[in-house]
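Below is one structure; the comments refer to it alone.
The values are calculated or read from the model by the stated rules, or taken from the named source; none is laboratory data. As the structure is a prediction and not an experimental result, all values here were calculated from the model. Don't worry about glycine lacking a Cβ; one is built from the backbone with ideal geometry, like all the others, and counts go over all protein chains shown.
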Amino acid sequence: KVGIGIESPNPETLRLMNKNNAPDDVEKAVALCREYGIGTEGYFILGCLNETAADSFAYPAYARSLGLGQALFMVMTPYPGTGVFGEYEAEKRIHSYDWDLYNNFSPVVSAGGMDCRELVGMMAYCDIAFSRLMPLLKRRGTMGVIVSCISELLHVCLLLRVNRSLSISDVEEAVGGALLEFGAREGGSVKREWRADPSRKPLRPVAFRLLLSGGRAIDFRLGEGGGRRELCMTPLHTDELHGGSSSFNGSGLRLEGVVRFAFSLSMDRLMAVLYQSEWLRNNRDKPFEKALRFLPFLADRELLGSAVQMAGLLSGGLRGRRPAVQ
């Protein structure tokens, strides 16, 4: 896999950043990698002085149009001693001089009418809007769909967790708000289709509810018919939940539980597991070495504790028939 510093789909932004990325060149680079079986990950920068929130909302669609396998949406970080630092300081847009936050994932500037907290929300939105929750369509059964949903949410939560100025409730609010914004921009109810595997039995209907803070929720329904699968994601608000206007019979999951799990993870151990998983993906023909590489994890009490927590999260999601509204 190769990483490509695309930065922005906006030519004026690229000019101001002294970047020579031509859109055609980026498209050709991604296509060439695809032709030779090389994965691609595009890197984008939010929070440029000349861009608005509307410009930022366009980033995920642009990233998908390039055919990228993965995308990482970071925030402008004006490192001291650079011209960018001088520009943001002159505009009085720098709001923190805590150098530990200067890491591309912790907004310390305001730009485009967005303050630091709104830029956190934009990072979460772009991550969700890029994936469009498509991995959920490929799962079978309630367990598989909930596991996939937790995986998608954890990806966003772990990115935001890098920002040590954010609390659990801050991350929950940012991710929940991003999910609702995504739904609103899709017309109020997100629908996705994916061609089903004709050699397998049709999927039984799956339904579960993701509970957010502030009495909000999102209903997920996955069904199959006519050789296609359809995922529906419907945001709900307090009046709909309490008023009974939305009939629901399925499992339930709390976003707060996913966020708390993300905060409980040891980042060092998580990186070790991810590194070994990457090795496994590239060495599928070495079963003995696979076992040797993962044996040490079985003796790691902290990792085992995290595994137990994850099992509890899944169990709670599967048990939670029509979960109570907060």
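When you go through S96, S106 one by one, which is the residue that is surrounded by 14 or more Cβ atoms within 10 Å (Cβ to Cβ), closer than 16 Å to R161 by Cα, of a type outside the set (V, I, T) and not assigned by TED's automatic domain parsing to the domain that holds S167?
Numbers: S96 fails: closer than 16 Å to R161 by Cα.
When all the criteria are applied, what remains is S106.
Only one of S165, S169 is in a loop (DSSP other than H, G, I, E, B) and modelled with pLDDT of 95 or more; which?
After ruling out the rest, the residue left standing is S165.
Can you name the number of the only condition in (1) surrounded by 20 or more Cβ atoms within 10 Å (Cβ to Cβ); (2) assigned to a helix (DSSP H, G or I); (3) not aromatic (F, W, Y) that P135 fails?
Just one mismatch for P135, condition (1).
Of all helices (runs of 4 or more DSSP H) completely enclosed by the stretch 51-132, which ones contain at least 1 residues that are closer than 30 Å to E230 by Cα?
By residue number, 53-57, 59-65, 116-131.
Which condition breaks for S56 when tested against (1) at pLDDT 95 or above; (2) surrounded by fewer than 18 Cβ atoms within 10 Å (Cβ to Cβ)?
(2)
Checking the conditions here, which among V259, V273 is assigned to a helix (DSSP H, G or I) and at pLDDT 80 or above?
Sole residue among the options that is assigned to a helix (DSSP H, G or I) and at pLDDT 80 or above: V259.
Looking at the stretch 262-301, which of its residues are within 25 Å of the chain's Cα centre (by Cα) and among the acidic types (D, E)? Don't jump to the end; show me each part of the working.
Of the residues in the stretch 262-301, the ones within 25 Å of the chain's Cα centre (by Cα) are 262-282.
Scanning the stretch 262-301 gives D268, E278.
Anything in the stretch 16-71 that is touching a residue at least 60 places away in the same chain (Cβ under 8 Å), over 15 Å from I128 (Cα atoms) and either among the charged types (D, E, K, R) or not assigned by TED's automatic domain parsing to the domain that holds N104 (or both)? List them, or say none.
Within the stretch 16-71, just E51 meets the criteria.
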